[in-house]
Amino acid sequence: MSTTLGELGDRFDCVVEGDPDTRISAVGTLDGAGPEAIAFLANPHYRPLLSATQAAAVILAPGDAANCPVPALVHTNPYYVYAQIAGFLFPLLRQSPGVSEHAVVDENAKLGENVTVGAFSVVEEDVHIGPRSFVGPGCTIGAGSIIGADCRLVSRVTICQRAKIGDRAILQPGVVIGSDGFGIAKGESGWIKVPQLGAVVLGDDVEVGANTTIDRGSIKDTVIGNGVKLDNQIQVGHNVIIGEHTVIAGCVGISGSSVIGRRCMIAGQVGIAGHLEIADDVVVTGQTVVGRSIKQAGVYSGALAMEETGLWRRNAARFRKLDKMARRLARLELDLKQKTANEGEADD
Amino acid sequence: MSTTLGELGDRFDCVVEGDPDTRISAVGTLDGAGPEAIAFLANPHYRPLLSATQAAAVILAPGDAANCPVPALVHTNPYYVYAQIAGFLFPLLRQSPGVSEHAVVDENAKLGENVTVGAFSVVEEDVHIGPRSFVGPGCTIGAGSIIGADCRLVSRVTICQRAKIGDRAILQPGVVIGSDGFGIAKGESGWIKVPQLGAVVLGDDVEVGANTTIDRGSIKDTVIGNGVKLDNQIQVGHNVIIGEHTVIAGCVGISGSSVIGRRCMIAGQVGIAGHLEIADDVVVTGQTVVGRSIKQAGVYSGALAMEETGLWRRNAARFRKLDKMARRLARLELDLKQKTANEGEADD
Amino acid sequence: MSTTLGELGDRFDCVVEGDPDTRISAVGTLDGAGPEAIAFLANPHYRPLLSATQAAAVILAPGDAANCPVPALVHTNPYYVYAQIAGFLFPLLRQSPGVSEHAVVDENAKLGENVTVGAFSVVEEDVHIGPRSFVGPGCTIGAGSIIGADCRLVSRVTICQRAKIGDRAILQPGVVIGSDGFGIAKGESGWIKVPQLGAVVLGDDVEVGANTTIDRGSIKDTVIGNGVKLDNQIQVGHNVIIGEHTVIAGCVGISGSSVIGRRCMIAGQVGIAGHLEIADDVVVTGQTVVGRSIKQAGVYSGALAMEETGLWRRNAARFRKLDKMARRLARLELDLKQKTANEGEADD
């Protein structure tokens, strides 16, 4: 698609700086964009690249407009505007819908209009798939599951039985929804399996990244709220509840029965223990272990900064004796106090 | 299935408190169970919910019986009893067995009686599958593999060649068994692959969670003992040996050639380095790095507690100078000692 | 295949100690090898096993030759020689090539000579696959992708559209290449998806482990250099660039837009934050958080050593007050200095 800067400005509520007839047909990075490509400046890390950009135009915040050598779209939220413009210029190409002759769709499954089911996908009995939803190749949708409208199961997505997926879900390759949770009970002769009887419920506008797994509930359901975005390789344990519009980065592990609030931001490799609660609007930085409930909105951390290994080891060796060090410090304080007191007495 | 509290008590060796004719046809949580549903109290975290429960009955320990407002099954191990009752009330529905017309089964594969092979599954040459085992849709079982009786490969499970799986294994979607281990050797012009020639051997009663990967051995086999339970997204490196009845939570990484004892409990996101040994009955808490062998049963930890980020950063900044701090402390001790000694001399 | 020690020595440039006619037809470990099996000693951890080995011969370094009780191949890099010998003795058995009748290959896809496409694999339009490449069962290769020569997609590999894979790639089961990156932009009513428009480019001789995911670039491409080896369950974010011959162990997470140098070695469970740069020849030890750029070659660490939990907790509790402890130490230093100064004055 080809358009002009002026039309983009109108459509996405931006102030246009420079020639509104500038042609735009592509997107690019500040240092990679060529003719007809629009770039954006949102992360201050890349601000030094602005002055030399060869982009046809740049989407940027008001404070950067003066330093832009090319035409610009000015908006307080340039990344959000970029996302919209990129989607406008490059709409998802829809294949013509229909059920592949190489798919197996149960006769009791109900498919809405313009649904696609790709080759080697299995749609089991009593599944409902909403209109215009796309099920790519190699997917399995278990019996009794309900998929909303306009969903996109990219490929090789596994949905176990009785899951409920809202509208506009995007499920990347390798996603597993509704695997059994890790429910085991210890008896005298070892561990036995605790039947996992709940389901998984995803709200609307949820995206789930590649190879992320979401276990079904053990008794109640595992529930992912509207607008939640999960990155790749996340593990969501059984009975977990994730509040609306929370976003979680890659490789996070969430143990069973924990409840995460709304609008939280959880960074990569964070580990969340089981049976705890995290308030709304909590931010957790990378690789933190959340070992207790978080009652208040705020930012929480738990990972140490990397060092050159020699220095790291010296510090880490001291950490192993930190309790002793604290005792030595306390004794020293006491000794000095005592000494001062004694001298005070001596002075008398 | 519908039964009575009395029958459950008899069957699972519990003391029945209250009306043994109480009808039970469902399970529920303490705060969610309705009529005819039995709940359980095992985790003390949920004890406050007991007094208001609407469950038809509760499975609980002797110490909680007096506070239960409804009929109860009393047993010293309520969670274990719950697991059995849930399995009794909700037995796995078996589809009628048989090989899907959409599966590819090699003519030299041997399938026991009442085996199921789902659509789009591939069973290669010389595979043996034991009686009543269920191979769901989209699975691949590599040449020469042996699968025991009563196994359940839920769907989209990949088993590479010559694996040996015991009886009653449960393999969740996305599991990979027998991928090549990370064997590389450095030469002058870069890394070359070390052929991975071993296999994977799973004992009986093993469960493997969604998207967990177990690499084949490089020369000998990778061995998972009887009764081992692995959660989702675990990585088991080549040549690893895991002892019987050990349980491992999600996102754990186990490097090659390590040997883990029996009845261990490894919590989520733990990392285990290569070529080490962990004794029987070891517990490792979440996100610990096991960087050396553990010779004795016990509990081991290595992750710091999360803090509000402001406080965290102040402490973490001090950590970066911990070695210096220790030296300053030692000097201070020396100075004070010296001073005291000098004063002693001065006093003389 | 069966050969002699002498022939192996000639072929792989080793000094032969002992009878060059020793027959070799297998490989084994130092403590497991039987007749006709050659073992190796590379990791000093296993040196104590040398004296009792029953192997037919051992590949080892010059310094170990004197202590070897059996014939030997002596070379400065025994593991590298072992890798070559194992590959020589056990070449990958190639199935007869050809496209399975159960595969779906688009009429506009181009397959080189002797390509294999397994059952239930999908090759979409405009895909090119180079000669002798093996695509196992259950793979999906997205439209416009280019696969080089002599590649091996073991099974159930997903390649999204327009990926470019070099020659001799090995992709283990469950690999996802080209999933959408985690691009989301925050607006007033929640997060919206940022279209992911780039691709993934893999160089030659790349191996990718089971269930590893590599996201497509958001605008530019995600690029994996020649000779890079990735272990299992790694997450590579969008726009990441990994330099040639870098090796990365399991469960590592690499956030978007970071650039990793050449010949780096990244250990398991390391987390690399986004938008940073790592120099060539950097080594990062296990579970380190790389939260800032690394400008210089060297070794970097960030994980504390595990302890028995009682001791760990005592130290960790002190860590929570480390900043206060540092202030107390500083005050003590000051107090003592002051005191000494005062006494000095008093002495005057």
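The values are calculated or read from the model by the stated rules, or taken from the named source; none is laboratory data. Remember, it's a predicted structure, so these values are computed and weren't measured experimentally. Every residue, glycine among them, receives a Cβ derived from its backbone with ideal geometry; neighbour counts consider all protein chains shown. Accessible surface areas use protein heavy atoms only, side chains included; no ligands, DNA or RNA. Shrake-Rupley method; radii C 1.70, N 1.55, O 1.52, S 1.80 Å.
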Can you pull out the residues in region A:188-226 that are in a loop (DSSP other than H, G, I, E, B) and of a type in the set (Val, Ile, Thr)?
-> A:VAL194, A:VAL206, A:THR212, A:ILE219
Does B:ILE184 satisfy the criteria of being of a type outside the set (S, T, N, Q), open to solvent by less than 10 Å² (accessible area, probe 1.4 Å), within 10 Å of another protein chain (Cβ to nearest Cβ) and closer than 29 Å to C:ILE38 by Cβ?
-> no
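Of the residues that make up region C:110-120, is at least one outside any loop (DSSP other than H, G, I, E, B), of a type in the set (Asp, Glu) and either open to solvent by 10 Å² or more (accessible area, probe 1.4 Å) or more than 28 Å from C:THR4 (Cα to Cα) (or both)? Give the steps one after another, and end with the answer.
To start, the set of residues in region C:110-120 that are outside any loop (DSSP other than H, G, I, E, B) comprises C:110-111, C:116-117.
Next, only the ones that are of a type in the set (Asp, Glu) stay: none.
The answer is no, given that none of the residues of region C:110-120 is outside any loop (DSSP other than H, G, I, E, B), of a type in the set (Asp, Glu) and either open to solvent by 10 Å² or more (accessible area, probe 1.4 Å) or more than 28 Å from C:THR4 (Cα to Cα) (or both).
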Would you call C:ALA72 at pLDDT 95 or above, under 28 Å from B:GLY144 (Cβ atoms), over 29 Å from the mean Cα position of the chain (by Cα) and more than 9 Å from every other protein chain (Cβ to nearest Cβ)?
-> no
Condition set hydrophobic (A, V, I, L, M, F, W, C) and assigned to a strand (DSSP E or B), scope region B:264-281, selection surrounded by the fewest Cβ atoms within 10 Å (Cβ to Cβ): answer is B:MET265
Which one is farthest from A:VAL194 (Cα to Cα), of the residues in region B:1-48 that are of a type in the set (Lys, Arg) and away from every other protein chain (no Cβ under 14 Å)?
-> B:ARG23
Exclusive hit being closer than 20 Å to A:ASP167 by Cα and either of a type in the set (Gly, Ala, Ser) or over 17 Å from the mean Cα position of the chain (by Cα) (or both), set A:GLY286, A:GLY225 | A:GLY225
State whether the residues of region A:160-181 include one that is more than 17 Å from A:VAL123 (Cβ to Cβ), over 22 Å from the mean Cα position of the chain (by Cα) and open to solvent by 40 Å² or more (accessible area, probe 1.4 Å).
-> no
Are any residues in region C:57-91 touching a Leu at 6+ places or on another chain (Cβ under 9 Å), among the small types (Gly, Ala, Ser) and closer than 26 Å to B:ASP180 by Cα, and if so, which ones?
-> C:ALA57, C:ALA86
Within the group C:ALA83, C:ALA39, which residue is in a helix (DSSP H, G or I), within 30 Å of C:VAL154 (Cα to Cα) and open to solvent by less than 40 Å² (accessible area, probe 1.4 Å)?
-> C:ALA83
List every residue pair whose Cβ atoms lie under 7 Å apart, where the two residues are 6 or more positions apart in sequence or sit on different chains, the first residue falls within region A:57-76 and is under 12 Å from A:CYS14 (Cα atoms) and open to solvent by 40 Å² or more (accessible area, probe 1.4 Å), and the second residue, located anywhere, is part of a loop (DSSP other than H, G, I, E, B) and of a type in the set (A, V, I, L, M, F, W, C).
-> A:HIS75/A:CYS14; A:THR76/A:ALA61
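Just for region A:236-249: of the residues that are more than 11 Å from chain B (Cβ to nearest Cβ) and assigned to a loop (DSSP other than H, G, I, E, B), which one is nearest to A:VAL283 (Cα to Cα)?
A:THR246
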Determine whether B:ASP19 is in a helix (DSSP H, G or I) and surrounded by 13 or more Cβ atoms within 10 Å (Cβ to Cβ).
-> no
Mind checking which pairs have a first residue in region B:257-283 that is touching a residue at least 24 places away in the same chain (Cβ under 8 Å) and over 26 Å from A:GLY256 (Cα atoms) and a second that is open to solvent by less than 30 Å² (accessible area, probe 1.4 Å) and assigned to a strand (DSSP E or B), Cβ under 9 Å, 6 or more apart or different chains?
-> B:GLY274/B:ILE254
Does C:ASP204 satisfy the condition of being among the charged types (D, E, K, R), within 12 Å of chain B (Cβ to nearest Cβ) and surrounded by fewer than 23 Cβ atoms within 10 Å (Cβ to Cβ)?
-> yes
For A:ASP323, indicate whether it is open to solvent by 50 Å² or more (accessible area, probe 1.4 Å) and within 11 Å of chain C (Cβ to nearest Cβ).
-> no
Qualifying residue in region B:286-305 (condition: surrounded by fewer than 17 Cβ atoms within 10 Å (Cβ to Cβ), at positive phi and in a loop (DSSP other than H, G, I, E, B)) = no
Qualifying residues in region C:217-263 (those that are under 19 Å from C:PHE182 (Cβ atoms) and among the small types (Gly, Ala, Ser)) - the one most open to solvent (accessible area, probe 1.4 Å) | C:SER255
Residue count for region C:127-142, restricted to those that are hydrophobic (A, V, I, L, M, F, W, C), assigned to a strand (DSSP E or B) and crowded, with 24+ Cβ neighbours inside 10 Å = 3
Return only the number of the condition from (1) open to solvent by 10 Å² or more (accessible area, probe 1.4 Å); (2) more than 22 Å from C:GLY253 (Cβ to Cβ) that C:SER145 does not satisfy.
-> (1)
Identify all residues within region A:207-216 that are open to solvent by less than 10 Å² (accessible area, probe 1.4 Å) and within 14 Å of chain C (Cβ to nearest Cβ); write none if there are none.
-> A:VAL208, A:GLY209, A:ALA210, A:ASN211, A:THR212, A:THR213
Would it be correct to say that B:ARG168 is more than 9 Å from every other protein chain (Cβ to nearest Cβ) and touching a Cys at 6+ places or on another chain (Cβ under 9 Å)?
-> yes
Mind checking which pairs have a first residue in region B:21-43 that is farther than 22 Å from B:PRO62 by Cβ and a second that is of a type in the set (Lys, Arg), Cβ under 7 Å, 6 or more apart or different chains?
-> B:GLY32/A:LYS220; B:GLU36/B:ARG23
Looking at region A:154-176, which of its residues are hydrophobic (A, V, I, L, M, F, W, C) and more than 22 Å from C:ARG216 (Cβ to Cβ)?
-> A:ILE159, A:CYS160, A:ALA163, A:ILE165
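Looking at region A:250-259, which of its residues are among the β-branched types (Val, Ile, Thr) and either in a loop (DSSP other than H, G, I, E, B) or closer than 25 Å to C:GLN233 by Cα (or both)?
A:VAL252, A:ILE254
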Which of (1) part of a strand (DSSP E or B); (2) touching a residue at least 12 places away in the same chain (Cβ under 8 Å); (3) over 20 Å from A:GLU125 (Cα atoms) is the odd one out, the single condition A:GLN233 does not satisfy?
-> (1)
